[in-house]
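Scroll down for the structure; my scribbles are underneath it.
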Amino acid sequence: MNRGTEKRDIFMDDRDRARFVYDLFEFNDTKPASNVSYSLSKKIMDVRHPYIERERIVDLHAWCLMRNHYHLLLSERRDGGITTFMRKLNTGYTNYFNGRYKRSGVLFQGKTKKVLIHSEAHFLHIVHYIHLNPLDYVPGAREWRNSRIADTATAKRRLEQYRWSSFLDYSGKKNFPSVLYSDFFRDAIGDVGKETLKYLDKSHADDDTLPTRFLE
């Protein structure tokens, strides 16, 4: 996770979000990025270059963009892959953002916050936690971390409408499939989107609460 300096917004509109998603793809390569100076349409449907081969340095298992921060669930494909990828990602997006908004200086508050995962159960929980983050924007669902959701129907609908996470791709709706490495969770959980929504139905069951103490 990384957050904007002084908790400032790092995504001002969908054009910025589309650019960041593109960066998730472009910087996940052993080679330097070929062209990162341009902006993208907010209507972009995927980011893969059909004729360019990549050698990934990380696997991105889940992601979510919020207004002033982002969450990524990563594993390394090569030693030092996460450190290299995050440096490229944060530097590249900062250069884009500063250029677009005529600003200078740091954009993020510091080094990326990393949480080391020690168990498979923790790993499986985190994908749901990441996908549920947009509920912070939904009245009646903002207490989801404390297992209190007043309107689960609205919460589910809003998650299914929120484009800027990997939830839609895990729910069978093509969004940004080229960014995501989904094999692990599909093999371990099956229908990841359906399992995420089950957390909303079980929001009052203590045994099913998300282990947010490890994640915040």
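The values are calculated or read from the model by the stated rules, or taken from the named source; none is laboratory data. Fair warning: this is a prediction, and the values are worked out from it, not measured in the lab. Positions of Cβ are backbone-derived with ideal geometry, glycine not excepted, and every protein chain shown enters the neighbour counts.
Given the condition without any contact (Cβ under 8 Å) to a residue 60 or more places away in the chain, in the same structural domain as L200 (by TED's automatic domain parsing) and assigned to a loop (DSSP other than H, G, I, E, B), answer yes or no: does some residue in the stretch 126-139 qualify?
The answer is yes, given that some residue of the stretch 126-139 is without any contact (Cβ under 8 Å) to a residue 60 or more places away in the chain, in the same structural domain as L200 (by TED's automatic domain parsing) and assigned to a loop (DSSP other than H, G, I, E, B).
Of R145, R103, R157, which residue is out of contact with any His (no Cβ under 7 Å at 6 or more places or on another chain), exposed (fewer than 13 other Cβ atoms within 10 Å of the Cβ), assigned to a helix (DSSP H, G or I) and not hydrophobic (A, V, I, L, M, F, W, C)?
Within the list R145, R103, R157, the selection yields R157.
In the set D201, D207, D187, which member is within 16 Å of F123 (Cβ to Cβ), among the acidic types (D, E), at pLDDT below 90 and not assigned by TED's automatic domain parsing to the domain that holds V21?
Answer to the selection: D187.
Of the residues Y96, Y181, which single one is closer than 16 Å to W63 by Cβ, of a type outside the set (K, R) and surrounded by 13 or more Cβ atoms within 10 Å (Cβ to Cβ)?
Criteria check complete, one pass: Y181.
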